[in-house]
Each structure stands twice: as structure tokens, then as C-alpha cells.
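Here's the structure we're looking at; comments come further down.
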Amino acid sequence: MRHFSRYLFLAALLLPVAAPGQTAADWILTARYVVTEDPAHRVIENGAVAVSGDHILAAGTRAEIEKAYAAKQRLDRPNSILAPGLINTHTHAAMSLLRGVADDLNLQDWLNKFIFPAEAKNVDREFVRWGTRLAALEMALSGTTTYTDMYYFEETVAEETKAAGLRGVLGQTVIGFPAPDYKTPQAALDGAEKFFRAFASDPLIVPAVAPHAIYTVPDDVLQACRRLADKYQKPLVIHLAETKTENDDALKQRRKTPTAALDALGVLNGWTVAAHGVWLNDADLAILKARGTGLAHNPSSNMKLASGIAPVVKILKLGIPMGLGTDGVAGSNNDVDMMEEMDLAAKLQKVSTGDPQALPAQQAFDMATIVGARALRLDKMIGSIEKDKRADLIVIRLDAPHAVPLYNVYSQLVYALKGSDVGDVMVNGKLIVRNRQMLTVDAQAVMAKAAAYGLSVSKSLKGN
Ligand SMILES: [Zn+2]
């Protein structure tokens, strides 16, 4: 009993005592720089952020925050940048188990000769479970806090996303041929509706319907996807204008670009996130602007599959929100490192326009954070460090050789720092990575399982 009371006494000493005028908080995080991505683009030196529950109470200088708040827990990172979590606006998480299964091909050959057959032979609910778990581990450890997914068995993707503690806009695929989860488009639509109902008001998951693309989904099914998304006020996610082949085929078969064709069907009329947007003419851009479509730019994927270069500078100038994405890992990237996408996005615009001022570092970082949030229409909730937004925060360390010296924070973030510099990650007020250790996923078990899947997938493709 004596011991017990002594512990109580010690515990009381450890608890912060809120001084008069101080507000209680769950966390105070401090860093050398706080990059807010707020409308004024404030970068706060010797900054701090106070968090309560799932949301941000305030950001300011360390002195201001420590004066105003008393926190139960602290994360002090004096040689780091504290930034909003990165937002990956397009990926296929579970395809991480197909990393590098076929490389150096164009999209059509890659899809038809390798990916669709590999998926037909290997993808089931357990594959999706482990693939999503692996991707969640990789995403969190490289600073992604929100991702947009398009795949199969999406309710399992949602379970794993929640277990990892990440935020997801998760699209149940609808496609015009038998898929690993549903054998007909109608079954997939019914499945998507069930998924919408199951995750209607989840704090971390925004369920979505994901018709694969205009060239793989019949028109009436595309329209049914739109109706379903509208009925539940959830997003429709789709691949759009990714390759010249897609564009040429639509012009030949429909006398319309993919964008104009989808618009004529009414598919773009509502909450939509479209991935790629490489082959867009001025009329297409006017349609996307008028419809409020959010876009996802995937520089690694577009380069690797030789799909082309999206007119990002033009798109952003028009005020169309275009975020960044990694696309799937299976051969179009082959990782989910958003720090790399920022760097590539900036350089790709420079080399394609011949203008080194095109897409400067700050704008590339915006795409990975607040503009990505706008593309997903979630910018009231995430994308910047502002009062009342969800506490989705990352700490990026500045202790590596490539991190010094530091003249400009955005330059460092976009051109020098790596995903592997991310040290700590908080999503919805919960710390899920601490000192590069993921707290919610058993990393060793996931990597061992991924290696085992590698062997079985290779075996299944023998004789192809
Ligand atoms: Zn994709």
C-alpha cells in the first residue's frame, strides 16, 4: 500500500499541471520548423503544435504554445521539420505484393500480359489483406497519412487501413470483366453499395466507387457508378486520359476525348477524383474545371510506362486541384514514396517546359499536402496544420548528411529529403510511427509474408 501511494505520488509529479489560463491538451509536438501549409504559408521557426483528441488546437512558436497549453504527452524534435501528413491521391495499395513482377513495358502490355493474369491467379481476400498491410507500413514510414486506393475486396483494404491507423479514400473497383472479388459489374456495384453503408461515417475511411477506366467499363455501368456515388454522397475515383492509346481509341470509337465522353455520359457530374490526366486538351480542362474534378498526378508511373507528361503547370494555373500520387507499386513506380513524387513532379515540369521556374519546390510540396486535400475535397479536414483540422502530422528528421546545410525548408523537403527521413507520424491524433518504428503493424511479420507471396506469385506465372 505504501508502495502504491508512492507510485501515485510519482505519477502525479509526471502529469502536467495546467497553470491558470492554460488549456489542457493531449499532445504538444515541437520542432525546429513547423511547415503549416496554411493560407499564409507560415513556416514557424522553433514551432509547436498542440493536439487534443483527433484535432489540432493551435500552431505557433514553441513559447506561445507552451504558455497556452499543458499537455499530457510531448514529442520534442528540435532538429526536425513538423509538416502536415502527405496525401497520396492515387494508388493500388495491395499491388505492393506484385512489386517489380513486370517492368519496362507500356501500359497495355503490362496490364494485359502480366498484371491482369497475375491478379486472376493470385488475388484473393488474404492477398489484399497482406498487400495492404505491407503498403500501409511503407506509406506510414515515408510520411503518407492519407491515401486514395482503387482495388478489389475494398472492405478488407478498409479494415487494414484502420488497423494501421491511416486515413483512406478507398475505391471499390468496378470493371467490365470478371474480377477477383466480383464476377460481374452488377455484383461489384452491389458490393460497393454494401461497402458505402458499412463505412458511411468512419473517422478514417471515406468509401468510394472506382470504375477502372472508360476503356474497361461499359457506359451504362459508368453511369450506375455515378448514381451510386451520388446516392451516398461519396466520391467516384477513376483513371482518366492516362495514355495516348486511351485518347486515340476514344477519338476513333466515340469521336470524343475520354474526358468529353465521360462528361457526355454525366459521369463527371459530382464528387470525382481522376488519376493521371496526361492527355488533356483545352476543352477537356474546361470540362474538368467546370465539374470541380480533382486530379492525381503520378510522375513516376507516367515516366516509367512512357505514358506522357501531364500539363501540371497549366492545370494548377486554371485552379484545377491536382494532387500527387504514386500509382500502384507493381511496375508503374515501384514504391509509394511521396517524397520522391514531389521531386520528380517538379523536375518533370521543368524539363518538359524548358523553364526551370516551372513548378517550384513550394508548389510541389503544396501538391503533396493542401492541394491534394482539395483534389479529394477533404481540405476542410486535412492538408495543413490549422486549428480544428485533424491532427495528421509528420516529423521529418534533419540529421542525415543530405539534410545539411538548410537554406530553404521547401527546397530541402522537395529536392533533398527522403521518405526514409520521416521519423514520427501521427494520424487523427494518434501516434502510429515513433522513431521510425511503426506502432500499429508488425513489420517483420509483414515482410516475411510478402517474401512468401513473392515465391508463390512467381510460381503461378511460370509458363506465361
Ligand atoms: Zn492506377
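The values are calculated or read from the model by the stated rules, or taken from the named source; none is laboratory data. What you are looking at is a predicted structure, and each value in this text was computed from that prediction instead of being measured. Methodologically, a virtual Cβ is constructed for each residue, glycine included, from the backbone with ideal geometry; neighbour enumeration extends over all protein chains shown. Ligands, DNA and RNA are stripped out before the accessible areas are found, and what is left, the full protein with its side chains, is counted by its heavy atoms. Shrake-Rupley method; radii C 1.70, N 1.55, O 1.52, S 1.80 Å.
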Residues (open to solvent by 50 Å² or more (accessible area, probe 1.4 Å), in a helix (DSSP H, G or I) and closer than 23 Å to K183 by Cβ) located in the stretch 119-142
A120, K121, R125, E126
Search the stretch 55-111 for residues being open to solvent by less than 10 Å² (accessible area, probe 1.4 Å), of a type in the set (S, T, N, Q) and under 29 Å from A275 (Cβ atoms), and hand back the single one that is farthest from the ligand (Cβ to nearest atom).
S96
Open to solvent by 10 Å² or more (accessible area, probe 1.4 Å) and not basic (K, R), is that true of Q253?
yes
Tell me yes or no: at least one residue of the stretch 355-369 is among the charged types (D, E, K, R), more than 16 Å from the ligand (Cβ to nearest atom), more than 16 Å from A274 (Cβ to Cβ) and open to solvent by 10 Å² or more (accessible area, probe 1.4 Å).
yes
The lone exception for V267 - which of (1) within 16 Å of the ligand (Cβ to nearest atom); (2) buried (at least 24 other Cβ atoms within 10 Å of the Cβ); (3) farther than 27 Å from G85 by Cα it fails:
(1)
For residues in the stretch 143-181 being closer than 22 Å to V457 by Cβ and assigned to a helix (DSSP H, G or I), which is farthest from the chain's Cα centre (by Cα)?
T156
Yes/no for L280 being in contact with a Pro (Cβ under 7 Å, 6 or more places away or on another chain), over 16 Å from N88 (Cα atoms) and open to solvent by 10 Å² or more (accessible area, probe 1.4 Å):
yes
Here are the criteria: (1) open to solvent by 10 Å² or more (accessible area, probe 1.4 Å); (2) within 13 Å of the chain's Cα centre (by Cα). Tell me which single one A306 does not satisfy.
(2)
Identify, please: which residue in the stretch 214-242 is buried (at least 22 other Cβ atoms within 10 Å of the Cβ), within 13 Å of the ligand (Cβ to nearest atom) and over 21 Å from T161 (Cα atoms) and is, among those, farthest from the chain's Cα centre (by Cα)?
A241
Which of the residues that make up the stretch 188-213 are open to solvent by less than 30 Å² (accessible area, probe 1.4 Å) and under 17 Å from R227 (Cβ atoms)?
A188, L189, G191, A192, F195, F196, P207, A208, V209, A210, P211
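Quick one: in the stretch 332-341, of everything that is touching a Gly at 6+ places or on another chain (Cβ under 6 Å) and open to solvent by 10 Å² or more (accessible area, probe 1.4 Å), which residue is farthest from the ligand (Cβ to nearest atom)?
Among those that are touching a Gly at 6+ places or on another chain (Cβ under 6 Å) and open to solvent by 10 Å² or more (accessible area, probe 1.4 Å), it is D337.
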Return the residues of the stretch 284-300 that are in contact with a strand residue (DSSP E or B) (Cβ under 8 Å, 6 or more places away or on another chain), surrounded by 22 or more Cβ atoms within 10 Å (Cβ to Cβ) and part of a helix (DSSP H, G or I); say none if nothing qualifies.
L288, P299
I'm trying to understand the selection: among the residues of the stretch 153-164, which are open to solvent by less than 10 Å² (accessible area, probe 1.4 Å) and not charged (D, E, K, R)?
T156, V157, A158, T161, A164
Can you name the residue in the stretch 301-331 that is closer than 20 Å to A361 by Cβ and out of contact with any strand residue (DSSP E or B) (no Cβ under 8 Å at 6 or more places or on another chain) and is also farthest from the ligand (Cβ to nearest atom) among such residues?
K317
